[in-house]
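Working notes, structure below.
The values are calculated or read from the model by the stated rules, or taken from the named source; none is laboratory data. Because the structure is predicted, anything quoted here is derived from the model rather than measured. No Cβ is skipped: glycine too gets one built from the backbone with ideal geometry, and neighbour counts run over all protein chains shown. The area values use the complete protein model at the heavy-atom level, side chains included, leaving out ligands, DNA and RNA. Shrake-Rupley method; radii C 1.70, N 1.55, O 1.52, S 1.80 Å.
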Number of protein chains: 2
Amino acid sequence: MATIGDVAREAGVARSTVSSVLTGRKFVNPETKARVEAAIAALDYTVNQGARALATSRSMTLGLVVRFHESEFSPALATYIVAVTDVARANGYRTLLLTDFDGADAVRTVIRTRQVDGLVLLNVVEDDARIAPIVDAGFPAVLVGMPAEPSGIDAVDLDFSAGARMLVDHLADAGHRAATFVTWPEEVFVAGRTYAAHFRDACLEEARSRGLELRVLHAPVGPEAVKDALRHLLDTEKRPTALIVHNDAAIAMLPLVLRDLGLDVPRDCSVVSLHSAELGRQFGIPYTAVESQPERVSELAVEKLVARLGSPPEAASTVLVEPPLIVRGSVAGL
Amino acid sequence: MATIGDVAREAGVARSTVSSVLTGRKFVNPETKARVEAAIAALDYTVNQGARALATSRSMTLGLVVRFHESEFSPALATYIVAVTDVARANGYRTLLLTDFDGADAVRTVIRTRQVDGLVLLNVVEDDARIAPIVDAGFPAVLVGMPAEPSGIDAVDLDFSAGARMLVDHLADAGHRAATFVTWPEEVFVAGRTYAAHFRDACLEEARSRGLELRVLHAPVGPEAVKDALRHLLDTEKRPTALIVHNDAAIAMLPLVLRDLGLDVPRDCSVVSLHSAELGRQFGIPYTAVESQPERVSELAVEKLVARLGSPPEAASTVLVEPPLIVRGSVAGL
DNA sequence: CTGAAAGCGCTTACAG
DNA sequence: CTGAAAGCGCTTACAG
């Protein structure tokens, strides 16, 4: 492995001169610069990032803190992980992966050992234990997802409230006066998943203001139970005329249950949903939907963090990404 | 941030003595050691990993190279990523995530900049472009998955051939003489996914030797198409008496198609499959199956790599993890 | 515009 | 058993 000293010798200049062309921070005589670059190419030299990090006290590395709970494992996780890493690299940062084996301690340790310049927290929940050590240390970080209350840390999330309003409005505009809202199991709310609560609250409020009578159904856990619940909901004379679905398992199962029952959308029942494009593709979900934006959310989060790393402290803010409504004709006019 | 010098001063010893207690490589007088440890605690000192890396020329970091193709995005990816990271940490290694934005170049760069001590390649395919730069550099690495031919690099994979044989034997032992083998779309084979080929080849061979007549069905791409293909396969008088399924989409859809058609397992048709436990749980798949072992495979891969990092060069080897057969009574005796 | 020197925070022979 | 010195590979004031 060639070092900066080897390059300097080869080019017949001082190491600091090589460093200057490497960092681009100083003007170097074009001729000298060319010699240095030739030497770099000849020796196949690449900078030792660790040494640079030590000298500059900037690691150019972001820590990605992943929460991983067996029970709520989402296929979307990989999408966020890859997106964050891609955007980080595009901004000149590497990504160190931190699985959240011991909650707050993992965060505290990585901050103290100065391995990363900033932290991206995935899958943030209402009362997230990882937040306190970050605030205590005043460490640069960004949350993907939202805690219950402003934490003093930048956050980026999908605008679940806006998504909920879009769906309610879409139904109301078509003349619907009632619908059933299929949401997550109770335990998801208890676990502090704010996306669930934000969507629900906005949904209920918009429904009230638009005069849409809403019935709430917390889907059970497990694919078979979800199917049975849907079947039970739909296989009756008092079948709802419209469904608002915010629950991945339920929306994945719904086409099959409807087919089972010989029901047609939108003739027998109108359906709207919020889910990821990925899920939609995987299951071929054919309904009008507000699509979550994992790549976009990841991108904004990393860019926000990177911007903060370079500039003077500034008040924290939250960015909400408005999701697009993809109309697929699954709502009947009444 | 306290440094080793601060600790030395606080404890009234030399920096090298502090280093000795830090690394544990040298015997230090218990009393001195206690003083040093008190100082460390008092100053809340933690070692600067980057500086240590520079001094030791060991980064204690593993690079995790993730391939990510939109078209074949698997939810299992996150499982491997998290498992690799967990096991790496248990072995004292951090994990740097490398999304494979530009194939071989990404690998080449990370090797040359010496940011990692070793590489874990996820999702290896038949003729993987990432392998050449590793072999060229003689860099420590381990493959998760198998290339077509021995590459001179350690590899760990599920034993798909053994899994195939188990399933065929399970049917044959129950007296079955014929079955339909539902496998991946042609393009998966074309894309060089060796798991598909290994399973298929072993399946065909074992079927031949056990006198099981096997019909091969390459499932189409896309959930609706898969459902239609299964329906077409099963909704006929010449319906197969048994199914061997190696295709995530197909096995996820199968219970619903069977229910649609009013068919009972195993009365009307026996079913066996190879899929991940994760998928099985998510979709409530109730059939006898050989379950892939992402955590186990990841664990062995990391341990193999770590072992290689510590010891003298040794010939590469491939470890195949034998998957367990979980009997769920979906095979009728004939 | 270029270079010599100091320093980033560690570890590791080597004396003592 | 402990410490002074050199070195890991860079960058950054500071002279010149």
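Summary table below
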{"read-out": "All positions within the stretch B:132-155 that are within 17 Å of the chain's Cα centre (by Cα) and under 17 Å from B:Gly192 (Cα atoms)", "value": "B:Leu143, B:Val144, B:Gly145, B:Met146, B:Pro147, B:Ala148, B:Ala155"}
{"read-out": "Any chance A:Gly63 is closer than 22 Å to A:Pro294 by Cβ, within 11 Å of chain B (Cβ to nearest Cβ) and open to solvent by less than 40 Å² (accessible area, probe 1.4 Å)", "value": "yes"}
{"read-out": "Out of B:Ala229, B:Ala219, B:Ala242, B:Ala207, sole residue that is under 18 Å from B:Val190 (Cα atoms), among the hydrophobic types (A, V, I, L, M, F, W, C) and open to solvent by less than 40 Å² (accessible area, probe 1.4 Å)", "value": "B:Ala219"}
{"read-out": "Helices (runs of 4 or more DSSP H) contained in the stretch B:43-159 and holding at least 1 residues more than 16 Å from DNA strand C (Cβ to nearest atom)", "value": "B:76-90, B:104-112, B:131-137"}
{"read-out": "Exclusive hit being closer than 30 Å to B:Ala78 by Cα and within 8 Å of DNA strand D (Cβ to nearest atom), set A:Gly5, A:Gly50", "value": "A:Gly50"}
{"read-out": "Members of the stretch B:91-105 that are among the aliphatic types (A, V, I, L, M) and at the interface with another protein chain (Cβ under 9 Å from one of its Cβ atoms)", "value": "B:Leu96, B:Leu97, B:Leu98"}
{"read-out": "The stretch A:160-191: number of residues that are outside any loop (DSSP other than H, G, I, E, B) and open to solvent by 20 Å² or more (accessible area, probe 1.4 Å)", "value": "13"}
{"read-out": "Cross-chain or 6+ apart pairs with Cβ under 6 Å, the stretch A:90-116 first and closer than 25 Å to A:Ala78 by Cβ, then of a type in the set (Asp, Glu)", "value": "A:Thr99/B:Asp86; A:Ala106/A:Asp100"}
{"read-out": "Leading residue by the ranking (surrounded by the most Cβ atoms within 10 Å (Cβ to Cβ)) among those in the stretch A:1-35 that are within 9 Å of DNA strand C (Cβ to nearest atom) and either among the aliphatic types (A, V, I, L, M) or within 14 Å of chain B (Cβ to nearest Cβ) (or both)", "value": "A:Val18"}
{"read-out": "Long-range neighbours under 8 Å by Cβ, at least six apart or interchain, first residue open to solvent by less than 50 Å² (accessible area, probe 1.4 Å) within the stretch B:258-269, second among the small types (Gly, Ala, Ser)", "value": "B:Val265/B:Ser330; B:Pro266/B:Gly329; B:Pro266/B:Ser330; B:Pro266/B:Ala332; B:Cys269/B:Ala242"}
{"read-out": "Residue in the stretch B:74-89 that is within 14 Å of another protein chain (Cβ to nearest Cβ), touching a residue at least 40 places away in the same chain (Cβ under 8 Å) and on the phi > 0 side of the Ramachandran plot present", "value": "no"}
{"read-out": "Answer from A:Ile251, A:Ile244 - the residue that is under 16 Å from A:Gly163 (Cβ atoms), touching a residue at least 24 places away in the same chain (Cβ under 8 Å) and within 13 Å of another protein chain (Cβ to nearest Cβ)", "value": "A:Ile251"}
{"read-out": "Complete set of residues in the stretch A:252-292 that are in a loop (DSSP other than H, G, I, E, B) and within 22 Å of A:Phe181 (Cβ to Cβ)", "value": "A:Leu261, A:Leu263, A:Asp264, A:Val265, A:Pro266, A:Arg267, A:Asp268, A:Cys269, A:Ile285, A:Pro286, A:Tyr287"}
{"read-out": "Test for B:Leu122: is it open to solvent by less than 40 Å² (accessible area, probe 1.4 Å), under 19 Å from the mean Cα position of the chain (by Cα), without any contact (Cβ under 8 Å) to a residue 40 or more places away in the chain and in the same structural domain as B:Ala78 (by TED's automatic domain parsing)", "value": "no"}
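A quick yes/no check of all residues on (1) more than 8 Å from DNA strand D (Cβ to nearest atom); (2) outside the structural domain of A:Tyr93 (by TED's automatic domain parsing):
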position: A:Arg15; (1), (2): no, yes
position: A:Val21; (1), (2): yes, yes
position: A:Glu37; (1), (2): yes, yes
position: A:Ile40; (1), (2): yes, yes
position: A:Ala55; (1), (2): no, yes
position: A:Val66; (1), (2): yes, no
